[in-house]
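In what follows, a structure is listed as structure tokens, so that the remarks can point back to it.
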Ligand SMILES: Nc1ncnc2c1ncn2[C@@H]1O[C@H](COP(=O)(O)OP(=O)(O)O)[C@@H](O)[C@H]1O
Ligand SMILES: [Mg+2]
């Protein structure tokens, strides 16, 4: 890392983003504020990010002609989703800097690779086994026991590609539910709460982390993030240390999201890492209105070789996702002085679709010491 040269991209440079969803859109908005031009590459012609970009490429991720054109007109490339095909990443990174790097991408897009990476970095996770057949699953259940969670190695999100196994009888149903693809079986963690750490690492290896947020899910989709999380100082320090260690080991550049399970915050119980996301993260949206520099600007700063901004939190916050029909509540949030509304410009409301979010901002309460 140290002997790699660092290029600072000045305002006026062009940033390419793979993926045109709301995360790409909010990255583009943050980058525009710093004077950058944004080009978005996404197969879907109706991508929300296209509406805020200087140029859009609506092509498949294996369309090398379109990718070459995209690379020729950009100074750096990043992505807003972790399932960028490895060949696409390799094709682009041979032409132009790609951040976060390909290792971060390959670790985050395969749960087995992720578990192995975390184990090598001595980061605690739920006990797991690699599953390639129903026989593997039977054997793993006899070791790991129930309840446990079967997770497809690739392409899962919002709880998709997962099955909970409560008793050995559930094995064949679970294997069918994930369509018999390569998977991991994981011990079920009876967590007290879920938290995430959003951390940024620059090209010079500097790191800043946001205060951990507490995540509440509904129908397996993130519903709310509360900041500060109700955890002890000890748990908070441990969470930040894990995130730093992961970013450091990957020689990471950009924003990284790290999801964790807290079992019992007031006791010295283990803290487990569940998942890492090599991108800006839904559970970091609160930073837009409660911090000097939000996760989107921080990511742009990191990939452009700028110094990182201040991640300190000036307010308490509650981020609420507007999912499906929740979208129609926008007027009531727009009328509230304590709320900032972020809408993604999506044309159609569909059940489970993330349409926008609201950041409710509250005066910062003094830090708790009772749980330390
Ligand atoms: N080992 C586990 N023990 C208990 N709950 C789990 C476990 N793994 C996942 N979950 C629950 O399922 C949710 C989704 O799982 P996750 O691995 O984060 O996949 P994704 O976010 O890609 O859908 C988690 O946020 C958590 O609520
Ligand atoms: Mg998750």
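Show me the helices (runs of 4 or more DSSP H) found entirely inside segment 38-128 where at least 2 residues are in contact with a helix residue (DSSP H, G or I) (Cβ under 6 Å, 6 or more places away or on another chain) and within 16 Å of ligand 1 (Cβ to nearest atom).
102-108, 111-120
Taken together, the residues in segment 182-197 that are assigned to a loop (DSSP other than H, G, I, E, B) and closer than 24 Å to residue 293 by Cα amount to 0. Filtering segment 149-163 to residues that are under 20 Å from residue 191 (Cα atoms), at pLDDT below 95 and more than 7 Å from ligand 1 (Cβ to nearest atom) leaves only 163. Of everything in segment 185-206 that is away from ligand 1 (no atom under 16 Å from the Cβ) and in contact with a helix residue (DSSP H, G or I) (Cβ under 6 Å, 6 or more places away or on another chain), the residue that is nearest to residue 233 (Cα to Cα) is 199.
Each row is one residue, and each column tells you yes or no for (1) away from ligand 2 (no atom under 16 Å from the Cβ); (2) in contact (Cβ under 8 Å) with a residue 40 or more places away in the chain; (3) over 29 Å from residue 245 (Cβ atoms).
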{"site": "114", "(1), (2), (3)": "no, yes, no"}
{"site": "129", "(1), (2), (3)": "yes, yes, no"}
{"site": "138", "(1), (2), (3)": "yes, no, yes"}
{"site": "153", "(1), (2), (3)": "no, yes, no"}
{"site": "174", "(1), (2), (3)": "yes, no, yes"}
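Out of the residues in segment 208-243 that are touching a helix residue (DSSP H, G or I) at 6+ places or on another chain (Cβ under 8 Å) and free of Cβ contacts under 8 Å to residues at least 60 places away in the same chain, state the one that is nearest to residue 258 (Cα to Cα). Ranking the candidates gives 212 first. When the criteria are applied in full, residue 12 meets the requirement of being in a loop (DSSP other than H, G, I, E, B), in contact with a strand residue (DSSP E or B) (Cβ under 8 Å, 6 or more places away or on another chain) and either over 19 Å from residue 279 (Cβ atoms) or outside the structural domain of residue 250 (by TED's automatic domain parsing) (or both). Per the listing 248, 241, 325, the residue uniquely more than 28 Å from residue 191 (Cα to Cα) and out of contact with any strand residue (DSSP E or B) (no Cβ under 7 Å at 6 or more places or on another chain) is 325. Go through 85, 100 for me and flag whichever is at pLDDT 95 or above and loosely packed, with under 15 Cβ neighbours inside 10 Å. Residue meeting the stated conditions: 85.
Would you confirm, using the coordinates I've provided, whether residue 200 is in a helix (DSSP H, G or I) and either crowded, with 20+ Cβ neighbours inside 10 Å or within 15 Å of ligand 2 (Cβ to nearest atom) (or both)? It is false that residue 200 is in a helix (DSSP H, G or I) and either crowded, with 20+ Cβ neighbours inside 10 Å or within 15 Å of ligand 2 (Cβ to nearest atom) (or both).
The values are calculated or read from the model by the stated rules, or taken from the named source; none is laboratory data. In this text, all values refer to a predicted model and were calculated from it rather than measured experimentally. We place every Cβ from the backbone using ideal geometry, glycine too, and count neighbours over all the protein chains shown.
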